[in-house]
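Just below is one structure, and these are the notes that go with it.
Derivation of every value follows stated rules applied to the coordinates shown; laboratory data play no part. Since the model is a prediction, treat every value here as computed from it, not as a measurement. Cβ coordinates were reconstructed from backbone atoms using ideal geometry, including for glycine residues, and neighbour counts include every protein chain displayed.
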């Protein structure tokens, strides 16, 4: 992950549903949480 604050993020539908289902932060910083959850679950960013 190089730019966690980039305004554009894309996920496959099944991955997005799984990640956002366990998200806890609502508001500022939610994107960093989502990226961390994805990383912990073994998902990798497309480069």
Ranked from fewest to most other Cβ atoms within 10 Å of their own Cβ, 32, 8 fall in the order 8, 32
Length gained, residue 8-residue 31, 0.36 nm per residue minus C-alpha separation, equals 7.3 nm
Cα-based Rg/(2.2 N^0.38 Å) for the chain, rounded to two decimals, is 1.06
